[in-house]
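Below: one structure, written as structure tokens.
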Amino acid sequence: MKKSAVGPPAKKGHNVKTITLDVETVLDEEAAERCHYRKNPDEFAPWILHKPVCVSMLTVERTDWDRVAFSIHSVTRGDASERGMIDEVEQYLSDADQIITFNGHGFDAPVLRARAAVNEIEAPTILQMGLRSRLNFHLDLLDVVTSSGSAPRIKLAELCAPFRIPVKLQAGGDGVADLAAVNDWQGIRHYCQTDVVSTWIASQMWLSAKDAEFGRTRWSMLADWVLEEQPRLAHLLPYVSLPSARRLGPWDDMDIRL
């Protein structure tokens, strides 16, 4: 049976559940005031001063190498209190075999843990996300592609660009606060869900140097699911059209004469 460096191997008689997670946040104005923090328009506030307004989770569950089932779930502040959000995320993640994020060790995991502590919620799965000793459980794609920081940090949009993966289809993360201010929870939900889909596709395409067909096959499976779930997943239609395969090397289509 083949194994993947991004995603645990399927085990006989056991469904393997991988959840790709993304957290959208706004500034905790009260906390910022207590520590006299003044936000610069071009500055991203320290993670400890953020509070979540949406968490999206793309679940990919497989029983074999070529059979998977997809589902996507989000919880926003329009659905529940912050305490209710954290508790729902903890319960949703509790039976995951692996969690995938992009910069999750640097932002998503510490924010969720901090807000669990602030709300006095026991959150063992969220705690595990923050443990470097559990790297196989929480796979931070940014750590993978930069060899744990040996290469310079990049943004998700920059990682997706060479693979021609749609990303940041709506306003960027800095626009989430504006959407929250007008209670546009659907807009935030859709934005957050596109981020988790882009992250998951990127995690699969990253393996193409090891298995040339792997990423494209997985992306195609997701595209089929999105089409089957129309019109509910209309905001994910940009992921249905896969880019053409690259079969030639950089010089293979050139007539070079010395």
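Rule-based calculations on the coordinates, nothing more; no lab input. Just so it is clear, the model here is predicted, and its values are computed rather than measured. Note: ideal-geometry Cβ built from the backbone for every residue, glycine included; neighbour counts use all protein chains shown.
Dipole magnitude for the stretch 67-120: computed about the Cα centre from +1 point charges on Lys and Arg Cβ and -1 point charges on Asp and Glu Cβ, it is near 160 debye.
Each residue of the stretch 231-239 was assigned a 3J(HN,Hα) from its phi angle through the Karplus curve 6.51 cos²θ - 1.76 cosθ + 1.60 (θ = phi - 60°); the sequence is x, 4, 10, 4, 5, 9, 4, x, 8 Hz, with glycine and proline shown as x. Positive contributions from Lys and Arg (+1) and negative ones from Asp and Glu (-1), summed over other residues with Cβ under 13 Å from the Cβ of Ser74, come out at -2.
DSSP bridge analysis restricted to the chain gives an antiparallel fraction near 80%, rounded to the nearest 5.
Give the label of the value calculated from the structure for Cα extents along the principal axes in Å, choosing from (i) 68, 50, 41; (ii) 46, 42, 30; (iii) 52, 46, 31. This structure yields the entry labelled (i).
Projecting the Cα atoms of Gln98, Val197, Leu141 onto the charge dipole of the stretch 48-202 (Cβ charges, centred on the Cα centre) puts Leu141 farthest toward the positive pole.
The share of alpha-carbon pairs in the stretch 109-162 lying farther apart than 13 Å comes to 66%. Dipole size of the chain about its Cα centre, with +1 on Lys/Arg Cβ and -1 on Asp/Glu Cβ: approximately 880 debye, rounded to the nearest 20.
Seen from Ser198, the other residues with C-beta closer than 10 Å to its C-beta sum to a net charge of -1, counting Lys and Arg as +1 and Asp and Glu as -1.
For the stretch 102-171, the relative contact order is 27 percent, taking Cα pairs closer than 8 Å that sit 6 or more residues apart in sequence and dividing their mean separation by the residue count.
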